[in-house]
Amino acid sequence: DWAGNTAETTKDLAVDITKPKIEIIYDHNNPVNGKYYNQTRVATVRVTERNFDPSKVNLKITSTGQKPSISGWTISSQAGRSDNAVNTCTVTFSADADYTLNASVTDKAGNVSDYNRTDTFTIDRTRPKISVSYSGGNVRNGKYFDQKRTATITVTEHNFDPSQFRISIQAALDGKDIDKPVLSSWTSRGDTHTASITFLHDGDYSFIAETGDLAGNRSDKYAQSSFTIDTKAPELSFFDIKDHSANKDTVAPGIRSTDLNFDSSAVTLTLKGAKHKEKTVQGTVSETANGVSIKLPDFAHNKQTDD
């Protein structure tokens, strides 16, 4: 001052005109169909900045499901001393969901990073699931149906790709191949996708189905065991006797029964007369192609039998 007194003070200051630099590195970079991953994906966020403040990092993440887990920040030993100080954290995407990731950082001097990119991808680690339900027809003996039958095939999958669905149908009648039914178009509601097959014609059927999704996951194979559509009644015919006939001497009628799915245990013969009550009768059984021939014994030659 004017009297010659002096005073001195010192203040430290930092000049920082450099914007933070952001780099995001993923451990998996080979998506299926452009953006789908069937495994956990980890992003390492690297911020190069001398005056780094973790509270001023904005990780902008969207998810259609569970949020990813974010680690704490690892601060560089060069923080506050070097523009090349690299500070890191990791973001782990493990749950099935559609994600986007963007980031911005403001340093202690107010510089804002330039990261003009938004990463978009999907994690899908779940295999598609196939189930089948049926309508129509009444089952007998475990596998036989007396009318047409419709199979509704349901695939449960978020990232369904109908072009990957495969079905192999076996169709035969009496050991010979017949025309195979055709799968309908797909109907989708959310993660549920359905199509149907109608088995209209008589025959023996089975099929195997499997599918994949857009992330490369494959379903288990669905194997439908054989079943039979049989809408035709068995054929019955009489021989060695005429309808509305009068008979003497040997009277031993015969009956033939045939069907592709013949069940010999289901054959019953009953005899009834105007003077005789109905009763079950037996005969000599001979197997034929797809059936049996039954020959009754000669009726007793006495007046009590006449009827």
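The values are calculated or read from the model by the stated rules, or taken from the named source; none is laboratory data. Computed from a prediction, not measured in an experiment: that's the story for all the values here. Counting neighbours? That spans all protein chains shown, and the Cβs are built from the backbone with ideal geometry, glycine included. Note: accessible area is taken over every heavy atom of the protein model, side chains too, but ligands, DNA and RNA are not part of it. Shrake-Rupley method; radii C 1.70, N 1.55, O 1.52, S 1.80 Å.
A straight Cα-to-Cα reach below 17 Å connects Lys242 with the lysines Lys272, Lys295, residues fewer than 8 places away in its own chain not being considered.
Using Cα springs under 10 Å in a Gaussian network model of the chain, which residue among Val42, Val281, Val105 shows the largest mean-square fluctuation? Maximum among the listed residues: Val281. Computed about the Cα centre, the dipole magnitude for the chain is approximately 440 debye when only Lys and Arg (+1) and Asp and Glu (-1) carry charge, each at its Cβ. In the list [x] 166, 34, 27; [y] 56, 49, 35; [z] 49, 45, 37, the label attached to Cα extents along the principal axes in Å as derived from the coordinates here is [x].
Using R0 = 22 Å, the C-beta based FRET efficiency linking Asn33 and Ser63 works out to 0.65.
Averaged per residue, the chain has 64 square angstrom of accessible surface, using a 1.4 angstrom probe with ligands and nucleic acids left out. By a 1.4 Å probe calculation restricted to protein chains, Arg46 has an accessible surface near 80 Å², given to the nearest 10. Within the accessible surface of segment 1-94, defined with a 1.4 Å probe on protein heavy atoms only, the carbon and sulfur portion equals 47 percent. In this label model, Asp263 and His244 are separated by 3.5 nm, measuring between points 7 Å along each Cα→Cβ vector. Sorting Trp2, Trp73 by accessible area puts them as Trp2, Trp73; the probe is 1.4 Å, largest comes first, and only protein heavy atoms count. Packing-based ranking of 172-185, 207-220 yields 207-220, 172-185, ordered from highest to lowest mean Cβ neighbour count within 10 Å.
Please find the FRET efficiency linking Val139 to Thr231, where r is the Cβ-Cβ separation and R0 is fixed at 22 Å, and quote it to the nearest 0.05. Walk me through the numbers on the way to the answer.
Values: r = 14 Å, r/R0 = 0.63.
For R0 = 22 Å, the calculated efficiency reads 0.95.
Over all directions, the projected convex hull of the C-alpha atoms in segment 159-207 averages 3.9 nm² in area. Accessible area per residue was computed with a 1.4 Å probe on protein heavy atoms; His201 scores about 130 Å².
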